[in-house]
């Protein structure tokens, strides 16, 4: 584990001043040491404050995982040397007035082997324990009922909700707090964010801290565990990613919380703000920090003017950007160019409440082959957008292009939607999905008989049914019927293919019935790779008369989507989410081939390609911080 880079006292002061211009005046800023190095293992002292907190668990986070770690702890120094702390990270319980004293004797090393570790190089953490930690208030002591965790930047020894905000703003790379006259950011810069605000009598800072503490408690997921009789705060309950997401949520929501406090402080009376009555934001978090689909690049513009074409001769014709809420729920898809929303894929997404990671394989590909997509892509800006209103069970598609047949394009993505999607639920699944535009109503009724789902993944939050049947009606007339006629079946593998990157290890029969479908669609098969912990859809066949009808497209109306995935150990492979598509290709329909074979290499002649990019939820949310 890497040691956090040392930060000298002078540099720390400059960093504090530069991070949103937070004030750090002495003598109550939490750094009660001078600028000289420690020569004796004097205790490292400070305070835990919401009000002053007694019996809060405090530790020095040497290994950077945001949890207390018992010994032995091995630390890698900048020199490359390693030192081992036999007794683990220094820890204690806070006492009267929130004071704590950490024994840092374990940070001393043999000078011939390595320098001593400086506690000022590492952040402090504290957790309030329900039923055990006591908050000292003006009207008397109160026992904490809900757990929450706080931290402080390296070198700061007051641990408060405000120092927690400072630390995570810095980790998130947030800019200056000053944001304009009267803003929450300006309110925060008016207080000392690293001080003992109780000692200095700063009622405003204390009011902000109390509100932030209440918000942190609303998000901390392990209050019940820490309330158990034998719990003492040394339990390892949060991953480093989860701890970061909690801190990041504080950064994102702090301005709104500060505004609420300011509004409640009648005539500047912050001492009497009743924090318990504030309607703080309720923000669900996905603390597992899944990998989420971030963007897609669509290659469907042929240099030679016709499709199919050699994949190396295709140019980007659209790019999609996916936006999420803090709990990993998809909020919108914005496209530079044109998209072709898939109603069956929308059903999959709705069935998991919009939480993309629970799909396992995220967002099966769709594409528009219209040449207008490339024309729109060449111009800057978003051309089409699909937004979700999960509470109202509706989604809205807006476009400024002429790609979509029958939809009137406009110059802005405002006003009424060109298509409104609405759905009804039954037994936790979509019963019906409608898509209503000016001239057409499409109604899709899912058929979950023999749905394609991993039998080994029932308890895995990153898996859900991958493919299902449906009946599609257009203006009341039946248009398409897809039926899975049996469950997926494993097949014997051909000799020597077990170690191949992609293998057709299972197939599942289905039919695709439509007036526009070519011959032979009554006996189709999904091709799957189900070896070991995999559950990957490699190929499915469908009819698409709209895309086949363009003058530059040479197709009888039938297409295959074939998909490729990162291999174990390769860039882009995610061990806990191994079924994330890397690339998908739209091709002609392939004649039947043997089950158990090694899947073919990426095709050369294609109608289009969709390239997938992913990022962690924490990375996405960090990018949303100003």
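Values quoted throughout were computed directly from the atomic coordinates according to the rules given, and no laboratory measurement underlies them. As the structure is a prediction and not an experimental result, all values here were calculated from the model. Note that we place each Cβ from the backbone using ideal geometry, even for glycine, and neighbour counts take in every protein chain shown.
Return the distance in nm (one decimal) between the two label points of a simple spin-label model at residue 613 and residue 87, each offset 7 Å from Cα along Cα→Cβ.
Using points 7 Å along Cα→Cβ, the separation is 4.9 nm.
Expected output is a single nm value to one decimal: the length gained when fully extending between residue 389 and residue 574, i.e. 0.36 nm times separation in residues minus the C-alpha distance. What is it?
Length gained between residue 389 and residue 574: 63.6 nm.
What is the distance, in nm, between label points placed 7 Å from the Cα along the Cα-to-Cβ direction at residue 227 and at residue 550?
Roughly 5.9 nm, to one decimal.
What ranking of 425, 149 emerges when the number of other C-beta atoms within 10 Å of each C-beta is taken as an exposure proxy, fewest first?
On the way: 425 12, 149 26.
Starting with the residue having the fewest Cβ neighbours, the order is 425, 149.
Give the dimensionless ratio obtained when the Cα radius of gyration of region 46-103 is divided by 2.2 N^0.38 Å.
Working: Rg = 13.5 Å, N = 58, 2.2 N^0.38 = 10.3 Å.
Its radius of gyration relative to the 2.2 N^0.38 Å reference: 1.31.
What length, rounded to one decimal in nm, is gained on full extension from residue 590 through to residue 438, with 0.36 nm per residue of separation minus their alpha-carbon distance? Numbers along the way, then the final one.
Working: separation 152, 0.36 × 152 = 54.72 nm, distance 3.67 nm.
Computed gain between residue 590 and residue 438 is 51.1 nm.
Figure the gain on full extension for residue 96 and residue 477 (residue separation times 0.36 nm, minus the Cα-Cα span) and round it to one decimal in nm.
129.6 nm
On a 0 to 90 degree scale, rounded to 10, what angle separates helix 240-264 from the longest Cα axis of the chain?
Relative to the chain, helix 240-264 is tipped by roughly 70 degrees.
Separation between the residue 598 and residue 142 pseudo-spin-labels, each 7 Å from Cα along Cα→Cβ, expressed in nm?
Spacing of the two 7 Å Cα→Cβ label points: 6.8 nm.
Give the order of 222, 324 when sorted by the count of other beta carbons within 10 angstrom, beginning with the fewest.
Numbers: 222 16, 324 22.
By the 10 Å Cβ count, ascending: 222, 324.
If I fit a long axis through the Cα atoms of helix 203-219 and take the longest principal axis of the Cα atoms of the chain, what angle between them do I get, 0 to 90°, rounded to 10?
Tilt of helix 203-219: around 40 degrees.
Using Cβ counts within 10 Å as a stand-in for footprinting exposure, how do 215, 374 rank, fewest first?
On the way: 215 25, 374 18.
Taking fewest neighbouring Cβ atoms as first place, the list is 374, 215.
Calculate the FRET efficiency for residue 315 and residue 79 from the Cβ-Cβ distance with a Förster distance of 60 Å, rounded to the nearest 0.05.
0.75
Students often get this wrong, so try it: which of [x] 27.8, 90; [y] 29.0, 86; [z] 31.7, 107 is Rg and Dmax of the Cα atoms in Å as calculated from the structure shown?
Correct label is [y].
For the chain, what does -39500 (n - 2.57) per DSSP helix run (n ≥ 4), summed and divided by total residues, give at 222 nm, in deg cm²/dmol to the nearest 500? Provide the component values of the computation, followed by the final result.
Working: 10 runs with 102 residues, N = 626.
So the helix-based figure for the chain works out to -5000 deg cm²/dmol.
Working from Cα positions, state the angle (0 to 90°, nearest 10) between the long axis of helix 161-171 and the longest principal axis of the chain.
50
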